[in-house]
1. Give me the percent relative contact order of the range 69-158, please, defined on Cα pairs under 8 angstrom at least 6 residues apart.
2. In the range 52-100, which chymotrypsin sites (Phe, Trp or Tyr not before Pro) are in a loop and have at most 14 other Cβ atoms within 10 Å, using DSSP for the loop call?
3. Using the Cα atoms of the range 86-129 to build a convex hull, what is its mean projected area in square nanometres?
4. If we restrict to alpha carbons, what Rg and Dmax does the range 42-86 come to, in Å?
5. Kirkwood hydrodynamic radius (Cα pairs, Å) of the range 86-174?
Amino acid sequence: MRGNTLLRLRFLLALMMLAVGLSACGSSSGGGAGYGVAMGGSTRVPGLSCAPFARELSGIALYGDAADWWPQADGRYVRADRPVLGGVLVFRRSGRLPSGHVSVVSRILGARQVQVTQANWVPGELDRDQLVVDVSDANDWSAVRVWYPPVRQLGTYTYETYGFILPRHPATRD
């Protein structure tokens, strides 16, 4: 997220369009009550996967299935239970997310709400500034609900997460 982000994002989108078949990421089911937070847009990008996209956008050099990023980060990156701009939220494996999922924090809205930019939450789409809500009992981001663009509502399913992997350099919205 350093330098000219718009140029990097355009380059990344072109690169990702060529990178068909990289590691898979999850999708979500829709439903639930709507939130009054404006959501960003979605762009169709066939073959886009969450892990390579999050790696490029965040600068966090981890590889393999998204869920494997958490143990790989141990000793290499700071891991936290609170969001940081540019940090990567790591979803655990589940029946819905067999490889896990990763998304990059693009805005912090409050103690229990962030927006993320993520690839392939909706298959083949890049979603910008999508709402993620911490629904964990301990307010530690170990369980979240995620905005689902096709129905323009927060999804009804709760996903378990590990937490956030923090970038080595502070990120800015730019």
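1. On the way: 149 pairs, mean separation 15.0, N = 90.
Normalised by residue count, the contact order of the range 69-158 is 17 percent.
2. Values: sites: Phe53, Tyr63, Trp69, Tyr77, Phe91; in loops: Tyr63, Tyr77.
Those satisfying the criteria are Tyr63.
3. Numbers: hull surface 13.2 nm².
For the Cα atoms of the range 86-129, the hull's average projected area reads 3.3 nm².
4. For the range 42-86, the Cα radius of gyration and maximum Cα-Cα distance read 11.9, 36 Å.
5. Numbers: mean 1/r = 0.0757 Å⁻¹.
Roughly 13.2 Å, rounded to one decimal.
Read the figures in this text as sums done on the coordinates, not as results from a lab. Everything numeric in this text was worked out from a predicted model, so none of it was measured. Cβ: placed from backbone, ideal geometry, glycine included. Neighbour counts: every protein chain shown.
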